[in-house]
1. In segment 99-113, which residues are in contact with a Leu (Cβ under 8 Å, 6 or more places away or on another chain) and touching a residue at least 60 places away in the same chain (Cβ under 8 Å)?
2. Go through ARG113, ARG58 for me and flag whichever is surrounded by 12 or more Cβ atoms within 10 Å (Cβ to Cβ), closer than 28 Å to TYR123 by Cβ and either basic (Lys, Arg) or at pLDDT 95 or above (or both).
3. Give the number of residues within segment 143-171 that are out of contact with any Leu (no Cβ under 9 Å at 6 or more places or on another chain) and not hydroxyl-bearing (Ser, Thr, Tyr).
4. Condition first: within 19 Å of ARG40 (Cα to Cα) and surrounded by fewer than 16 Cβ atoms within 10 Å (Cβ to Cβ). Now tell me which residues in segment 136-155 satisfy that.
5. Which of the numbered conditions does THR198 fail, given that it passes all the others? Conditions: (1) without any contact (Cβ under 8 Å) to a residue 40 or more places away in the chain; (2) of a type in the set (S, T, N, Q); (3) surrounded by 11 or more Cβ atoms within 10 Å (Cβ to Cβ).
6. Which residue is surrounded by the fewest Cβ atoms within 10 Å (Cβ to Cβ), if the candidates are limited to segment 97-110 and must be assigned to a helix (DSSP H, G or I) and in contact with a Lys or Arg (Cβ under 8 Å, 6 or more places away or on another chain)?
7. If the Cβ limit is 7 Å and pairs must be 6+ apart or interchain, which residue in segment 67-80 that is assigned to a loop (DSSP other than H, G, I, E, B) pairs with which residue that is of a type outside the set (A, V, I, L, M)?
8. Answer yes or no as to whether VAL129 is of a type in the set (A, V, I, L, M, F, W, C), in contact (Cβ under 8 Å) with a residue 24 or more places away in the chain, under 12 Å from VAL35 (Cβ atoms) and surrounded by fewer than 20 Cβ atoms within 10 Å (Cβ to Cβ).
Amino acid sequence: MRWKPHVRFGGRAGETDLPRGKHRAPVRSHLANTVIDDVRRRTQQSTLGHRGHKDDPRYRTRRLMTRGFERLSDRQRDQLFCALREGDPTGEVGAAILGKELLRESYSAPTLRQAHWRLVRFYAYAAEVEVPELTRLATTISRWEQEVLSFHTTRISTGPVEAQNLVTEKIRRIAHGMRNFENYRLRLLLHSGVQWDTRPTARIRGRHPRLVA
């Protein structure tokens, strides 16, 4: 086995040697997906008076709503458009989906200037459609605009650090807490800081073994 180069042995567990002050965390896409879910639930309650059921077109296509539009197949796009025509009479869910796509376009901008203008277009769209959840998202993005745009300068994200933090919390939760910090640190290093070189498992024979009388 060998230790991964980005994991540091000194200090507290989970620290890395990524440069300090260089992290620029783009606002996670799950914020926009949360907006879509909130709008879908609110319109569901206001129009039908109950939570989403499997027969409700909005609930049936909820996974397609939060997926990147370019990742949808033609069949999935047709399903999504049919569900919106049938189950989105106010058009708020569709507006939230379009707002999510406009926000995603700011991250794919090739230059910082284009990313800024794409955010301006997102702000204008959120103000025009007047969906409360989308307005709240635009307010959050504008508050963190400098950090969002800095991603286009450094191309460094705190994604790996946040992923390691999720692993750290998961290990602590599974262990129901750790009394000894050194044991906790060692377990984290063995789980996340080691590149295990293990042999692949032998393939099991396809036929059933002979039964023993």
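The values are calculated or read from the model by the stated rules, or taken from the named source; none is laboratory data. Here the structure is a predicted model, which is why all the values come from computation and not from measurement. Here Cβ is always computed from backbone atoms with ideal geometry, including for glycine, and neighbour counts include all displayed protein chains.
1. Residues satisfying the conditions are GLY99, LEU103.
2. Being surrounded by 12 or more Cβ atoms within 10 Å (Cβ to Cβ), closer than 28 Å to TYR123 by Cβ and either basic (Lys, Arg) or at pLDDT 95 or above (or both) holds for just one of ARG113, ARG58, which is ARG58.
3. Total satisfying the criteria: 13.
4. Listed by number, the list holds a single entry, ARG136.
5. (3)
6. Here the residue is GLU105.
7. Close Cβ pairs satisfying both conditions: GLY68/ARG104.
8. yes
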